[in-house]
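None of the figures in this text is laboratory data; all of them are computed from the coordinates on show. From a predicted model like this one, the values you see are computed outputs, not experimental measurements. Neighbour counts run over all protein chains shown; Cβ positions are idealised from the backbone, glycine included.
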Amino acid sequence: MKKILLILLVLIIPVNSFSQGIVELDMSNKEYKKIAKKLDLKILNRGYDGSGLIWVKLDNYASDKPNNYTKFWNEALFEMFMPTGRITESKDSMITIDADWIFQIEGRITANGYGMPMVVGGGFSGKILDFSDNSKVVATFSTKEKMNFTSGMDDGLKRSTKFKNFVKVVVNEILLTIR
């Protein structure tokens with residue numbers, strides 16, 4: 001009886017401790033490896049621990065203005081069962097955010113045909129800021145891979161699914177750097 005109990009403990013403990021660092025992804029292992037290879041991520045983590053609420057913000061773009069990049073990042077995080085932050089108050093040009101971490105992603109901002117700002121050329125590189133520590137940079141992630149969402153180039157669901165799968169790999173690779 002003691003041997004069976006010991007064997008069960010040996011089998012259960014490593015599985016539980018390993019699974020805490022990996023989130024559920026709805027893609028095959030082959031697809032994950034293919035995306036990871038294509039992204040060729042460079043990650044430097046000096047304090048992000050994976051706990052708490054995440055707010056996704058595009059660098060140099062108003063936090064309360066939606067865009068494709070933040071929309072798809074939030075959808076990917078939701079699909080991964082990761083907690084996301086929210087706007088708790090919005091007055092004039094000031095917003096109050098409930099979040100512990102800010103994922104500040106890079107993207108280039110240009111003007112569309114009507115003179116309105118439009119985000120293009122980015123989405124997979126950025127930095128993680130500790131919102132509770134005066135927005136101190138605690139991690140960076142970078143890749144040369146980019147994806148545009150401009151009129152005429154978006155083939156709808158297929159493109160957004162591809163983008164979200166890339167985001168899931170980025171986030172999972174960041175989580176794997178937690179010590």
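Please give the peptides 67-78, 29-40 ranked by average Cβ packing (other Cβ atoms within 10 Å per residue), highest first, as a rough proxy for protection.
In descending order of packing, they fall as 67-78, 29-40.
Taking amide hydrogens as modeled 1.01 Å from N in the peptide plane, which residues meet the under 5 Å criterion relative to residue 97, leaving out close sequence neighbours?
88
At a 10 Å Cβ-Cβ cut-off, how would you order 90, 142, fewest neighbours first?
With the fewest neighbours first, 90, 142 line up as 90, 142.
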